[in-house]
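Here's the structure we're looking at; comments come further down.
The values are calculated or read from the model by the stated rules, or taken from the named source; none is laboratory data. Bear in mind that the values here come from a model prediction, so they are computed numbers and not experimental data. Counting neighbours? That spans all protein chains shown, and the Cβs are built from the backbone with ideal geometry, glycine included.
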Amino acid sequence: MRTAVVVGGGLGGLAVAGALARSGWQVTLLERADRIRPEPTAVVLWPNGVRALRALDLGAGLDAIATPLPDCGVRRPDGHWLVQPRQTPVERLPVVVHREDLHDALIAGLGDRVELRTGVTVRTVRAASGLRPAVGDGRHTFEADLVVAADGTDSVVRRQLAPEAGVVSSGCAAWRAVIPWYRAPSLTAGEPVGGEILGAGYRFVAASLGERGSSGASSRGGIYWMATAAGAPRPEPPETQLALLRRWYAGWPAPVDELLAATDPADLVQQEIRELRPLPRSYGFPVGPGGVVLLGDAAHAMPPHLGQGACLAFEDAATLAALLRESRLPDAVVAYDRSRRPRAAAVVRQTRRMSAVLQTRGRLALRARDAALGTITPRLLGSAAAVAAQWRPPA
Ligand SMILES: Cc1cc2nc3c(=O)[nH]c(=O)nc-3n(C[C@H](O)[C@H](O)[C@H](O)COP(=O)(O)OP(=O)(O)OC[C@H]3O[C@@H](n4cnc5c(N)ncnc54)[C@H](O)[C@@H]3O)c2cc1C
(Lines give C-alpha, C1' and ligand atoms only; values in the text may rest on other atoms or scores of the structure.)
Protein backbone atom coordinates (compact mmCIF):
# COMPACT_ATOMS: atom_id res chain seq x y z
CA MET A 1 0.00 0.00 0.00
CA ARG A 2 1.29 3.46 -0.86
CA THR A 3 2.02 5.68 2.14
CA ALA A 4 1.92 9.43 2.69
CA VAL A 5 2.84 11.75 5.53
CA VAL A 6 0.88 15.00 5.57
CA VAL A 7 2.43 17.75 7.70
CA GLY A 8 -0.22 20.16 9.03
CA GLY A 9 -3.88 19.71 9.89
CA GLY A 10 -5.26 22.97 8.47
CA LEU A 11 -7.85 23.10 5.67
CA GLY A 12 -5.29 22.04 3.05
CA GLY A 13 -3.80 19.19 5.07
CA LEU A 14 -7.18 17.77 6.06
CA ALA A 15 -8.45 17.95 2.47
CA VAL A 16 -5.45 16.15 0.97
CA ALA A 17 -5.17 13.57 3.75
CA GLY A 18 -8.81 12.54 3.23
CA ALA A 19 -8.43 12.48 -0.56
CA LEU A 20 -5.37 10.21 -0.42
CA ALA A 21 -6.99 7.92 2.14
CA ARG A 22 -10.11 7.60 -0.02
CA SER A 23 -7.84 6.59 -2.94
CA GLY A 24 -6.39 3.75 -0.87
CA TRP A 25 -3.27 5.39 0.59
CA GLN A 26 -2.20 4.85 4.18
CA VAL A 27 -1.86 8.38 5.54
CA THR A 28 -0.20 9.78 8.68
CA LEU A 29 -1.23 13.35 9.49
CA LEU A 30 1.15 15.25 11.76
CA GLU A 31 -0.10 18.36 13.53
CA ARG A 32 1.91 20.40 16.02
CA ALA A 33 -1.10 21.62 18.02
CA ASP A 34 -2.47 19.38 20.76
CA ARG A 35 -5.67 19.04 18.77
CA ILE A 36 -6.90 19.96 15.32
CA ARG A 37 -8.73 23.18 15.90
CA PRO A 38 -10.52 25.38 13.35
CA GLU A 39 -10.62 29.17 13.63
CA PRO A 40 -13.97 30.46 14.93
CA THR A 41 -14.50 32.48 11.73
CA ALA A 42 -15.84 31.80 8.24
CA VAL A 43 -14.43 31.43 4.76
CA VAL A 44 -15.68 32.49 1.35
CA LEU A 45 -15.34 29.78 -1.26
CA TRP A 46 -15.38 30.83 -4.90
CA PRO A 47 -16.65 28.44 -7.59
CA ASN A 48 -13.13 27.06 -8.11
CA GLY A 49 -12.90 26.12 -4.42
CA VAL A 50 -16.37 24.57 -4.53
CA ARG A 51 -15.44 22.63 -7.69
CA ALA A 52 -12.27 21.38 -6.02
CA LEU A 53 -14.22 20.16 -2.97
CA ARG A 54 -16.68 18.39 -5.27
CA ALA A 55 -13.76 16.76 -7.12
CA LEU A 56 -12.58 15.58 -3.70
CA ASP A 57 -16.00 13.92 -3.15
CA LEU A 58 -16.88 16.42 -0.43
CA GLY A 59 -19.72 18.07 -2.35
CA ALA A 60 -22.54 16.60 -0.28
CA GLY A 61 -20.91 17.68 2.99
CA LEU A 62 -20.37 21.17 1.58
CA ASP A 63 -23.94 21.54 0.31
CA ALA A 64 -25.17 20.91 3.85
CA ILE A 65 -23.19 23.82 5.34
CA ALA A 66 -22.72 26.44 2.60
CA THR A 67 -24.74 29.63 2.23
CA PRO A 68 -24.70 31.30 -1.22
CA LEU A 69 -23.32 34.82 -1.20
CA PRO A 70 -25.39 37.03 -3.49
CA ASP A 71 -23.60 39.71 -5.49
CA CYS A 72 -24.11 42.82 -3.32
CA GLY A 73 -21.68 45.05 -5.23
CA VAL A 74 -18.86 47.21 -3.89
CA ARG A 75 -19.37 50.60 -2.25
CA ARG A 76 -17.16 53.44 -1.09
CA PRO A 77 -17.41 54.57 2.55
CA ASP A 78 -19.64 57.48 1.40
CA GLY A 79 -22.10 54.93 -0.01
CA HIS A 80 -21.29 55.52 -3.70
CA TRP A 81 -21.23 52.41 -5.79
CA LEU A 82 -17.87 51.34 -7.17
CA VAL A 83 -19.40 48.20 -8.61
CA GLN A 84 -23.18 47.87 -8.83
CA PRO A 85 -24.74 44.59 -7.68
CA ARG A 86 -25.42 42.30 -10.62
CA GLN A 87 -27.67 39.38 -11.30
CA THR A 88 -25.16 36.56 -11.29
CA PRO A 89 -26.02 32.97 -12.16
CA VAL A 90 -25.94 30.92 -8.99
CA GLU A 91 -23.11 28.68 -10.27
CA ARG A 92 -20.86 31.74 -10.50
CA LEU A 93 -21.64 32.93 -6.98
CA PRO A 94 -19.30 32.21 -4.07
CA VAL A 95 -20.57 30.55 -0.92
CA VAL A 96 -19.73 31.34 2.69
CA VAL A 97 -19.06 28.58 5.20
CA HIS A 98 -18.39 28.61 8.93
CA ARG A 99 -14.84 27.26 9.35
CA GLU A 100 -15.97 24.98 12.18
CA ASP A 101 -18.57 23.40 9.85
CA LEU A 102 -16.00 23.02 7.07
CA HIS A 103 -13.55 21.49 9.51
CA ASP A 104 -16.19 18.95 10.66
CA ALA A 105 -16.90 18.03 7.01
CA LEU A 106 -13.18 17.56 6.28
CA ILE A 107 -12.67 15.47 9.45
CA ALA A 108 -15.66 13.32 8.46
CA GLY A 109 -13.93 12.75 5.10
CA LEU A 110 -10.75 11.34 6.71
CA GLY A 111 -12.18 7.85 7.22
CA ASP A 112 -10.17 5.24 9.09
CA ARG A 113 -7.05 5.15 6.88
CA VAL A 114 -5.65 8.36 8.36
CA GLU A 115 -3.56 8.11 11.49
CA LEU A 116 -3.87 11.46 13.21
CA ARG A 117 -0.89 12.42 15.39
CA THR A 118 -1.25 15.68 17.23
CA GLY A 119 1.43 17.39 19.35
CA VAL A 120 4.07 16.55 16.73
CA THR A 121 6.14 19.50 15.51
CA VAL A 122 8.05 18.63 12.37
CA ARG A 123 11.54 20.13 12.46
CA THR A 124 13.47 18.37 9.70
CA VAL A 125 12.87 16.95 6.26
CA ARG A 126 14.96 14.28 4.56
CA ALA A 127 15.08 14.67 0.81
CA ALA A 128 18.22 12.71 -0.10
CA SER A 129 18.37 10.86 -3.39
CA GLY A 130 18.08 7.09 -3.11
CA LEU A 131 16.09 7.21 0.14
CA ARG A 132 12.37 7.53 0.66
CA PRO A 133 11.41 11.04 1.83
CA ALA A 134 10.91 11.55 5.56
CA VAL A 135 10.23 14.21 8.17
CA GLY A 136 11.28 14.23 11.80
CA ASP A 137 10.36 15.93 15.04
CA GLY A 138 13.68 15.32 16.78
CA ARG A 139 12.49 12.07 18.37
CA HIS A 140 10.84 10.13 15.56
CA THR A 141 11.33 9.87 11.82
CA PHE A 142 8.22 9.53 9.68
CA GLU A 143 9.09 7.97 6.32
CA ALA A 144 6.69 7.52 3.41
CA ASP A 145 6.42 7.35 -0.38
CA LEU A 146 5.06 10.90 -0.41
CA VAL A 147 5.41 13.82 2.00
CA VAL A 148 2.85 16.61 1.65
CA ALA A 149 3.92 19.86 3.30
CA ALA A 150 0.66 21.57 4.29
CA ASP A 151 2.25 23.30 7.26
CA GLY A 152 1.16 26.84 6.41
CA THR A 153 2.94 30.13 5.79
CA ASP A 154 5.91 29.37 8.07
CA SER A 155 6.36 25.87 6.61
CA VAL A 156 9.47 24.19 8.00
CA VAL A 157 9.54 21.83 5.01
CA ARG A 158 9.46 24.72 2.50
CA ARG A 159 12.17 26.60 4.38
CA GLN A 160 14.47 23.62 3.87
CA LEU A 161 13.54 22.72 0.27
CA ALA A 162 12.81 26.16 -1.17
CA PRO A 163 14.69 28.63 1.07
CA GLU A 164 14.46 31.32 -1.62
CA ALA A 165 10.77 31.90 -0.76
CA GLY A 166 10.60 34.51 1.99
CA VAL A 167 7.72 35.36 4.32
CA VAL A 168 7.01 39.11 4.33
CA SER A 169 4.34 41.33 5.81
CA SER A 170 1.65 42.40 3.32
CA GLY A 171 1.42 45.74 5.14
CA CYS A 172 -2.01 45.19 6.63
CA ALA A 173 -3.86 43.46 9.44
CA ALA A 174 -7.24 41.77 9.47
CA TRP A 175 -9.97 41.43 12.06
CA ARG A 176 -12.73 38.85 11.74
CA ALA A 177 -15.64 37.52 13.75
CA VAL A 178 -18.80 35.50 13.42
CA ILE A 179 -21.69 37.01 15.34
CA PRO A 180 -23.83 34.03 16.38
CA TRP A 181 -27.35 34.07 14.93
CA TYR A 182 -28.97 34.65 18.36
CA ARG A 183 -26.91 37.85 18.89
CA ALA A 184 -26.96 39.14 15.31
CA PRO A 185 -28.50 42.62 14.95
CA SER A 186 -31.88 42.77 13.25
CA LEU A 187 -31.11 44.72 10.12
CA THR A 188 -33.37 47.12 8.31
CA ALA A 189 -35.60 45.28 5.85
CA GLY A 190 -33.93 45.16 2.44
CA GLU A 191 -30.55 46.19 3.88
CA PRO A 192 -28.03 43.77 2.36
CA VAL A 193 -25.77 42.28 5.01
CA GLY A 194 -23.35 41.07 2.38
CA GLY A 195 -21.15 43.16 0.18
CA GLU A 196 -17.93 44.97 0.29
CA ILE A 197 -16.94 48.52 1.19
CA LEU A 198 -13.58 49.96 0.16
CA GLY A 199 -11.97 53.03 1.70
CA ALA A 200 -8.42 54.42 1.70
CA GLY A 201 -6.45 51.60 3.27
CA TYR A 202 -9.58 50.11 4.82
CA ARG A 203 -11.95 47.38 3.67
CA PHE A 204 -15.02 45.81 5.23
CA VAL A 205 -16.78 42.68 4.03
CA ALA A 206 -19.83 41.01 5.57
CA ALA A 207 -21.74 37.86 4.73
CA SER A 208 -24.73 36.13 6.24
CA LEU A 209 -24.34 32.50 7.29
CA GLY A 210 -28.11 32.29 7.64
CA GLU A 211 -30.08 31.28 10.65
CA ARG A 212 -28.95 28.23 12.53
CA GLY A 213 -30.06 25.13 10.67
CA SER A 214 -31.48 27.10 7.75
CA SER A 215 -28.74 26.08 5.35
CA GLY A 216 -28.11 22.59 6.69
CA ALA A 217 -28.37 20.48 9.78
CA SER A 218 -24.93 21.36 11.10
CA SER A 219 -24.76 25.00 10.02
CA ARG A 220 -23.94 27.27 12.91
CA GLY A 221 -25.46 30.32 11.27
CA GLY A 222 -24.82 33.99 12.12
CA ILE A 223 -23.12 36.90 10.39
CA TYR A 224 -19.48 36.86 9.36
CA TRP A 225 -17.50 40.04 8.90
CA MET A 226 -13.90 40.86 8.03
CA ALA A 227 -12.17 44.23 8.27
CA THR A 228 -8.70 44.91 6.91
CA ALA A 229 -6.64 48.01 7.55
CA ALA A 230 -3.21 49.09 6.37
CA GLY A 231 -0.62 48.89 9.15
CA ALA A 232 0.34 46.44 11.84
CA PRO A 233 -1.83 44.40 14.23
CA ARG A 234 -2.73 46.19 17.46
CA PRO A 235 -1.21 45.22 20.79
CA GLU A 236 -4.27 46.33 22.80
CA PRO A 237 -6.84 43.92 24.25
CA PRO A 238 -9.78 42.89 22.00
CA GLU A 239 -12.21 45.38 23.66
CA THR A 240 -9.89 48.25 22.70
CA GLN A 241 -9.33 46.83 19.22
CA LEU A 242 -13.10 46.73 18.67
CA ALA A 243 -13.41 50.32 19.91
CA LEU A 244 -10.66 51.33 17.48
CA LEU A 245 -12.40 49.55 14.63
CA ARG A 246 -15.62 51.43 15.44
CA ARG A 247 -13.67 54.70 15.29
CA TRP A 248 -11.91 53.84 12.01
CA TYR A 249 -15.15 52.72 10.37
CA ALA A 250 -17.39 55.45 11.85
CA GLY A 251 -19.76 56.85 9.23
CA TRP A 252 -19.41 53.85 6.90
CA PRO A 253 -22.67 52.57 5.42
CA ALA A 254 -24.91 50.26 7.47
CA PRO A 255 -24.54 47.65 8.75
CA VAL A 256 -20.83 48.18 9.54
CA ASP A 257 -21.29 49.85 12.94
CA GLU A 258 -24.18 47.54 13.92
CA LEU A 259 -22.00 44.52 13.25
CA LEU A 260 -19.00 45.89 15.15
CA ALA A 261 -21.27 46.88 18.08
CA ALA A 262 -22.82 43.39 18.20
CA THR A 263 -19.45 41.61 18.24
CA ASP A 264 -18.33 40.03 21.49
CA PRO A 265 -14.62 40.90 22.00
CA ALA A 266 -14.04 37.23 22.85
CA ASP A 267 -15.05 36.34 19.26
CA LEU A 268 -12.61 38.77 17.63
CA VAL A 269 -9.74 37.21 15.65
CA GLN A 270 -6.89 39.57 14.76
CA GLN A 271 -4.12 38.61 12.35
CA GLU A 272 -1.14 40.12 10.63
CA ILE A 273 -1.39 39.50 6.88
CA ARG A 274 1.72 37.92 5.42
CA GLU A 275 2.64 36.46 2.08
CA LEU A 276 5.40 34.59 0.27
CA ARG A 277 7.77 36.74 -1.80
CA PRO A 278 9.13 35.35 -4.01
CA LEU A 279 7.08 32.21 -4.42
CA PRO A 280 9.00 28.90 -4.18
CA ARG A 281 10.86 27.92 -7.35
CA SER A 282 9.16 24.52 -7.23
CA TYR A 283 6.13 22.90 -5.60
CA GLY A 284 7.27 19.33 -6.25
CA PHE A 285 10.56 17.65 -5.28
CA PRO A 286 11.13 14.10 -6.54
CA VAL A 287 13.06 12.22 -3.85
CA GLY A 288 14.30 8.68 -4.48
CA PRO A 289 11.31 6.60 -5.53
CA GLY A 290 8.85 9.18 -4.12
CA GLY A 291 8.70 12.88 -3.46
CA VAL A 292 7.73 15.91 -1.42
CA VAL A 293 5.12 18.48 -2.47
CA LEU A 294 4.14 21.90 -1.08
CA LEU A 295 0.41 22.58 -0.71
CA GLY A 296 -1.79 25.46 0.46
CA ASP A 297 -0.24 28.41 2.30
CA ALA A 298 3.07 26.53 2.51
CA ALA A 299 3.24 26.93 -1.28
CA HIS A 300 1.51 30.26 -1.95
CA ALA A 301 0.47 32.28 1.13
CA MET A 302 -1.16 35.49 -0.12
CA PRO A 303 -3.28 38.34 1.29
CA PRO A 304 -6.99 37.48 1.54
CA HIS A 305 -8.18 40.30 -0.77
CA LEU A 306 -9.62 37.92 -3.37
CA GLY A 307 -10.58 35.18 -0.88
CA GLN A 308 -8.56 32.57 -2.77
CA GLY A 309 -6.09 31.05 -0.25
CA ALA A 310 -8.24 28.13 0.90
CA CYS A 311 -9.74 27.74 -2.59
CA LEU A 312 -6.25 27.22 -4.01
CA ALA A 313 -5.37 24.78 -1.22
CA PHE A 314 -8.42 22.69 -2.24
CA GLU A 315 -7.38 22.97 -5.92
CA ASP A 316 -3.90 21.73 -4.91
CA ALA A 317 -5.42 18.75 -3.07
CA ALA A 318 -7.78 17.85 -5.92
CA THR A 319 -4.98 18.13 -8.51
CA LEU A 320 -2.55 16.04 -6.50
CA ALA A 321 -5.13 13.33 -5.84
CA ALA A 322 -6.04 13.18 -9.56
CA LEU A 323 -2.39 13.07 -10.70
CA LEU A 324 -1.58 10.31 -8.23
CA ARG A 325 -4.47 8.26 -9.62
CA GLU A 326 -3.15 8.44 -13.17
CA SER A 327 0.67 8.49 -12.83
CA ARG A 328 3.28 6.95 -10.64
CA LEU A 329 5.56 8.65 -8.19
CA PRO A 330 7.78 10.57 -8.75
CA ASP A 331 6.23 11.59 -12.12
CA ALA A 332 3.08 12.81 -10.38
CA VAL A 333 5.21 15.11 -8.22
CA VAL A 334 6.74 16.72 -11.31
CA ALA A 335 3.32 17.00 -12.98
CA TYR A 336 1.91 18.59 -9.79
CA ASP A 337 4.57 21.29 -9.90
CA ARG A 338 3.93 21.95 -13.61
CA SER A 339 0.22 22.26 -13.05
CA ARG A 340 0.09 24.22 -9.79
CA ARG A 341 2.91 26.76 -10.02
CA PRO A 342 1.60 28.79 -12.99
CA ARG A 343 -1.92 28.69 -11.57
CA ALA A 344 -0.87 29.94 -8.12
CA ALA A 345 1.39 32.59 -9.68
CA ALA A 346 -1.55 33.95 -11.73
CA VAL A 347 -3.79 34.23 -8.66
CA VAL A 348 -1.00 35.81 -6.59
CA ARG A 349 -0.46 38.41 -9.36
CA GLN A 350 -4.13 39.41 -9.26
CA THR A 351 -4.06 39.54 -5.47
CA ARG A 352 -1.03 41.83 -5.49
CA ARG A 353 -2.76 44.20 -7.91
CA MET A 354 -5.69 44.33 -5.51
CA SER A 355 -3.31 44.93 -2.57
CA ALA A 356 -1.80 47.91 -4.37
CA VAL A 357 -5.24 49.48 -4.86
CA LEU A 358 -6.45 48.72 -1.35
CA GLN A 359 -3.45 49.99 0.51
CA THR A 360 -3.01 53.43 -0.94
CA ARG A 361 -3.24 55.96 1.88
CA GLY A 362 -2.95 59.72 2.40
CA ARG A 363 -5.08 62.65 1.23
CA LEU A 364 -3.74 63.08 -2.29
CA ALA A 365 -3.46 59.39 -2.78
CA LEU A 366 -7.03 59.06 -1.56
CA ARG A 367 -8.36 61.44 -4.24
CA ALA A 368 -6.30 59.78 -6.94
CA ARG A 369 -7.31 56.41 -5.64
CA ASP A 370 -11.01 57.22 -5.49
CA ALA A 371 -10.82 58.25 -9.13
CA ALA A 372 -8.86 55.13 -9.98
CA LEU A 373 -11.02 52.84 -7.88
CA GLY A 374 -14.03 53.47 -10.04
CA THR A 375 -12.24 52.16 -13.10
CA ILE A 376 -9.72 49.75 -11.61
CA THR A 377 -11.93 47.91 -9.12
CA PRO A 378 -14.53 46.58 -11.57
CA ARG A 379 -11.73 45.48 -13.89
CA LEU A 380 -9.77 43.82 -11.10
CA LEU A 381 -12.81 42.16 -9.62
CA GLY A 382 -13.83 41.04 -13.10
CA SER A 383 -10.49 39.40 -13.66
CA ALA A 384 -10.59 37.98 -10.13
CA ALA A 385 -13.92 36.36 -10.94
CA ALA A 386 -12.36 35.03 -14.13
CA VAL A 387 -9.51 33.55 -12.09
CA ALA A 388 -12.09 31.78 -9.97
CA ALA A 389 -14.06 30.59 -12.98
CA GLN A 390 -11.03 29.35 -14.95
CA TRP A 391 -9.97 26.34 -12.95
CA ARG A 392 -11.36 22.90 -13.69
CA PRO A 393 -10.33 19.75 -11.81
CA PRO A 394 -8.08 17.47 -13.85
CA ALA A 395 -10.12 14.74 -15.57
C1 LIG B 1 -7.98 37.25 7.33
C2 LIG B 1 -8.02 36.09 6.37
C3 LIG B 1 -9.17 35.83 5.64
C4 LIG B 1 -9.19 34.79 4.71
N5 LIG B 1 -10.32 34.57 3.99
C6 LIG B 1 -10.32 33.60 3.05
C7 LIG B 1 -11.47 33.38 2.25
O8 LIG B 1 -12.54 34.01 2.44
N9 LIG B 1 -11.42 32.42 1.26
C10 LIG B 1 -10.27 31.67 1.05
O11 LIG B 1 -10.27 30.83 0.14
N12 LIG B 1 -9.17 31.86 1.80
C13 LIG B 1 -9.16 32.79 2.79
N14 LIG B 1 -8.06 32.98 3.56
C15 LIG B 1 -6.89 32.11 3.34
C16 LIG B 1 -7.04 30.77 4.04
O17 LIG B 1 -7.42 30.94 5.39
C18 LIG B 1 -5.73 30.01 3.98
O19 LIG B 1 -5.21 30.06 2.68
C20 LIG B 1 -5.92 28.56 4.37
O21 LIG B 1 -6.51 28.45 5.64
C22 LIG B 1 -4.56 27.86 4.37
O23 LIG B 1 -4.72 26.54 4.83
P24 LIG B 1 -3.42 25.62 5.01
O25 LIG B 1 -3.95 24.31 5.47
O26 LIG B 1 -2.58 25.68 3.80
O27 LIG B 1 -2.55 26.33 6.16
P28 LIG B 1 -2.88 26.57 7.70
O29 LIG B 1 -4.32 26.82 7.91
O30 LIG B 1 -1.91 27.59 8.18
O31 LIG B 1 -2.56 25.18 8.40
C32 LIG B 1 -1.25 24.77 8.66
C33 LIG B 1 -1.31 23.72 9.77
O34 LIG B 1 0.00 23.17 9.93
C35 LIG B 1 0.33 23.12 11.29
N36 LIG B 1 1.80 23.21 11.37
C37 LIG B 1 2.56 24.29 11.09
N38 LIG B 1 3.86 23.99 11.25
C39 LIG B 1 3.92 22.70 11.62
C40 LIG B 1 4.99 21.81 11.93
N41 LIG B 1 6.26 22.22 11.86
N42 LIG B 1 4.70 20.54 12.29
C43 LIG B 1 3.41 20.10 12.35
N44 LIG B 1 2.33 20.91 12.07
C45 LIG B 1 2.61 22.18 11.71
C46 LIG B 1 -0.38 24.32 11.89
O47 LIG B 1 -0.57 24.16 13.30
C48 LIG B 1 -1.70 24.31 11.12
O49 LIG B 1 -2.65 23.48 11.72
C50 LIG B 1 -8.04 33.99 4.51
C51 LIG B 1 -6.88 34.23 5.27
C52 LIG B 1 -6.87 35.27 6.18
C53 LIG B 1 -5.62 35.53 6.98
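Taking interchain pairs and intrachain pairs at least six residues apart, which have beta carbon atoms under 9 angstrom, with the first residue in segment 373-387 and under 13 Å from residue 356 (Cβ atoms) and at pLDDT 70 or above and the second of a type in the set (D, E, K, R) and surrounded by 15 or more Cβ atoms within 10 Å (Cβ to Cβ)?
Close Cβ pairs satisfying both conditions: 380/353.
Given the condition in a helix (DSSP H, G or I) and surrounded by fewer than 18 Cβ atoms within 10 Å (Cβ to Cβ), answer yes or no: does some residue in segment 64-81 qualify?
Narrowing segment 64-81 to residues in a helix (DSSP H, G or I): none.
No: segment 64-81 contains no residue that is in a helix (DSSP H, G or I) and surrounded by fewer than 18 Cβ atoms within 10 Å (Cβ to Cβ).
Restricting to segment 134-172, what's the tally of residues that are under 25 Å from residue 355 (Cα atoms), surrounded by fewer than 20 Cβ atoms within 10 Å (Cβ to Cβ) and in contact with a Ser or Thr (Cβ under 7 Å, 6 or more places away or on another chain)?
1
Going residue by residue through segment 63-71, is there one that turns out to be of a type in the set (A, V, I, L, M) and within 14 Å of the ligand (Cβ to nearest atom)?
Yes, there is a match, as at least one residue in segment 63-71 is of a type in the set (A, V, I, L, M) and within 14 Å of the ligand (Cβ to nearest atom).
Looking at residue 335 and the list (1) surrounded by fewer than 23 Cβ atoms within 10 Å (Cβ to Cβ); (2) in contact with a Pro (Cβ under 8 Å, 6 or more places away or on another chain), which single condition is not satisfied?
The one condition residue 335 does not meet is (2).
Does residue 176 count as within 11 Å of the ligand (Cβ to nearest atom), of a type in the set (D, E, K, R) and in a helix (DSSP H, G or I)?
Judged against the criteria, residue 176 is not a match.
Could you list all residues from segment 8-49 that are under 15 Å from residue 109 (Cβ atoms), among the β-branched types (Val, Ile, Thr) and surrounded by fewer than 24 Cβ atoms within 10 Å (Cβ to Cβ)?
36 - this is the single residue of segment 8-49 that is under 15 Å from residue 109 (Cβ atoms), among the β-branched types (Val, Ile, Thr) and surrounded by fewer than 24 Cβ atoms within 10 Å (Cβ to Cβ).
For residue 47, state whether it is within 21 Å of residue 343 (Cβ to Cβ), modelled with pLDDT under 95 and under 15 Å from the mean Cα position of the chain (by Cα).
Yes; evaluated as a whole, the condition is true for this residue.
For the list (1) crowded, with 24+ Cβ neighbours inside 10 Å; (2) within 20 Å of the chain's Cα centre (by Cα); (3) not in a helix (DSSP H, G or I), I need the number of the one condition that residue 318 fails.
Result: residue 318 passes all but (3).
Does segment 315-334 contain at least one residue that is of a type outside the set (A, V, I, L, M) and within 13 Å of the ligand (Cβ to nearest atom)?
Checked against the condition, which is being of a type outside the set (A, V, I, L, M) and within 13 Å of the ligand (Cβ to nearest atom), segment 315-334 yields at least one hit.
Given the options 60, 4, name the one that is free of Cβ contacts under 8 Å to residues at least 24 places away in the same chain, outside any loop (DSSP other than H, G, I, E, B) and either within 25 Å of residue 124 (Cα to Cα) or more than 16 Å from the ligand (Cβ to nearest atom) (or both).
60
Could you check residue 359 against (1) within 22 Å of residue 49 (Cβ to Cβ); (2) modelled with pLDDT under 90 and say which number it fails?
(1)
With respect to residue 263, is the statement that it is touching a residue at least 12 places away in the same chain (Cβ under 8 Å) and under 30 Å from residue 79 (Cα atoms) true?
yes
Scanning segment 155-173 for residues that are aliphatic (A, V, I, L, M) and within 10 Å of the ligand (Cβ to nearest atom), which turns out nearest to residue 304 (Cα to Cα)?
Here the answer is 173.
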